[in-house]
Amino acid sequence: MAVQRVLVCGGAGYIGAHTAKALHMAGREPIVFDNMSTGKDYAVRWGPLVKGDIRDAEALRAVIRQYKPDTVMNFAARIEVGEGERDPGAFYDNNVSGVLNLLRTVVAEGVPNFVFSSTCAIYGNPERLPLTEDLPKNPVSVYGRTKLVCEQMLEDFSRAYGLRFAALRYFNAAGADIEGNIGQDYAEFAHLIPNALLAAIGRTGPMKLFGNDYPTKDGTCVRDFIHVTDLAEAHVLAADKVAATGESLQLNLGTGHGLTVMEVLQAIERATGRPVPYTLFPRRAGDAVALYADTTRVTQTLGWKPHLSDIDTICSSAWNFHKKSWGIAQAAE
Ligand SMILES: NC(=O)c1ccc[n+]([C@@H]2O[C@H](COP(=O)([O-])OP(=O)(O)OC[C@H]3O[C@@H](n4cnc5c(N)ncnc54)[C@H](O)[C@@H]3O)[C@@H](O)[C@H]2O)c1
């Protein structure tokens, strides 16, 4: 059974907007609900935008009653890890109270399917690699803990109220829509690739590189970069699977391959034709040496395989989007 009408909470943001597009491309109807704290109006192109906050039960009830979605996807969250350490209250308020409010409304209004943006940060420093879904969950950040609490709420709501859900644990979302109209915008500059692009074009000083003495092939951390469109497409498949089987899912979404930070910087240099200047800083507390997904479960469950996630496609699509959005198309040629 395919889902049809999907309320995309946080759909004006980076991953939510790409998912709204993937839903539209698959013939579904995305309705975006977003408080626009980091979302962008221009990124909502594939269905209506309703401005509102997931902590506002009345606004949620109204949008669900108006559009009658069969599925709710939640991307809405505060995501900058350092901010979470400085202001945990704001993180628990948005990421936990917001999701609790959303889940209660979804159950009360009888929406059967729920898809949740989780993260590999719920695992913390893994005891073995690649990361399988059953590994212990020991998040080392406030951000990771807020997401783990949400996954636990999902399990409890599923047991008690029959909610069926997919919790999708993303690794590092990266890149931009191949047509170049949406991508990772200014708000997300804590992320490696936009940061490296800014450094490459001289808009900022050298980027900060945290640690080159890790036990990896070039001393920098290893992460699993997944193209945002591959990620978006997995949401459509996961929602359909949950709707068809009535069973809930917890799935890692990564490529299964780790790349060092230095390898990513080299790919940025290939994409832009410019060097990426950087300044070396000591390791950051809490940064794991290496994180990459075991993709066996997602491949077997959804038949999903990434097709845009090689690092050169990721970096060239991000560069293409940023050239347009920074108005430097000519200057950068
Ligand atoms: N970017 C990544 O690599 C990554 C990795 C793992 C998990 N995630 C998760 O994916 C989701 C989306 O991340 P993103 O990178 O697209 O971030 P983003 O900041 O671009 O998108 C979040 C969207 O949610 C909206 N929002 C925030 N709080 C809201 C609220 N209370 N009510 C309504 N709307 C609200 C924002 O305005 C924004 O449009 C988040 O839940 C994040 O934790 C992201």
**Asked** Which ones in segment 28-84 are more than 10 Å from the ligand (Cβ to nearest atom) and aromatic (Phe, Trp, Tyr)?
**Response** TYR42, TRP46, TYR67
**Message:** Need pairs with beta-carbon distance below 8 Å; first residue in the same structural domain as GLY110 (by TED's automatic domain parsing) and of a type in the set (Asp, Glu) and within segment 63-79, second crowded, with 24+ Cβ neighbours inside 10 Å and at pLDDT 95 or above; sequence gap 6+ or separate chains.
**Reply:** ASP70/VAL6; ASP70/ASN113
**Request:** Please work out which one of (1) over 18 Å from GLY180 (Cβ atoms); (2) in a loop (DSSP other than H, G, I, E, B); (3) not assigned by TED's automatic domain parsing to the domain that holds GLU85 is the condition LEU308 fails and give its number.
**Result:** (1)
**Request:** Would you mind telling me which numbered condition in (1) aliphatic (A, V, I, L, M); (2) touching a strand residue (DSSP E or B) at 6+ places or on another chain (Cβ under 7 Å); (3) under 21 Å from ASP230 (Cβ atoms) LEU302 fails?
**Result:** (2)
**Complete:** Over segment 14-46, the set of residues touching a residue at least 60 places away in the same chain (Cβ under 8 Å), touching an Asp or Glu at 6+ places or on another chain (Cβ under 7 Å) and within 22 Å of ASN95 (Cα to Cα) is TYR14, HIS18, LYS40
**ARG284 being in contact with a Phe, Trp or Tyr (Cβ under 8 Å, 6 or more places away or on another chain) and either basic (Lys, Arg) or part of a loop (DSSP other than H, G, I, E, B) (or both)** = yes
**Request:** Would you point out which residue out of ALA244, ALA239, ALA234 is modelled with pLDDT of 95 or more, surrounded by fewer than 22 Cβ atoms within 10 Å (Cβ to Cβ) and part of a helix (DSSP H, G or I)?
**Result:** ALA244
**Prompt:** Scanning segment 1-14 for residues that are at pLDDT 95 or above and surrounded by fewer than 21 Cβ atoms within 10 Å (Cβ to Cβ), which turns out farthest from the ligand (Cβ to nearest atom)?
**Reply:** GLN4
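Conditions (1) in contact with a Leu (Cβ under 9 Å, 6 or more places away or on another chain); (2) outside any helix (DSSP H, G or I); (3) at pLDDT below 95, marked per residue:
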site	(1), (2), (3)
ASP134	no, yes, no
GLU151	no, no, no
SER158	no, no, no
ALA166	yes, yes, no
ASP177	no, yes, no
ALA190	no, yes, yes
LEU197	no, no, yes
GLY202	no, yes, yes
**Request:** Identify all residues within segment 150-169 that are surrounded by fewer than 22 Cβ atoms within 10 Å (Cβ to Cβ) and within 17 Å of the chain's Cα centre (by Cα); write none if there are none.
**Result:** GLU151
**Message:** Could you check segment 164-179 and list, in sequence order, the residues that are among the basic types (Lys, Arg) and more than 13 Å from the ligand (Cβ to nearest atom)?
**Reply:** ARG164
**Item:** Residue that is farthest from the ligand (Cβ to nearest atom), among those in segment 101-122 that are within 17 Å of ARG223 (Cβ to Cβ) and in contact with an Asp or Glu (Cβ under 9 Å, 6 or more places away or on another chain)
**Value:** ILE122
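The values are calculated or read from the model by the stated rules, or taken from the named source; none is laboratory data. Remember, predicted model here, so these are calculated numbers, not experimental data. Please note: Cβ atoms are built from the backbone with ideal geometry, for glycine as well, and neighbour counts cover all protein chains shown.
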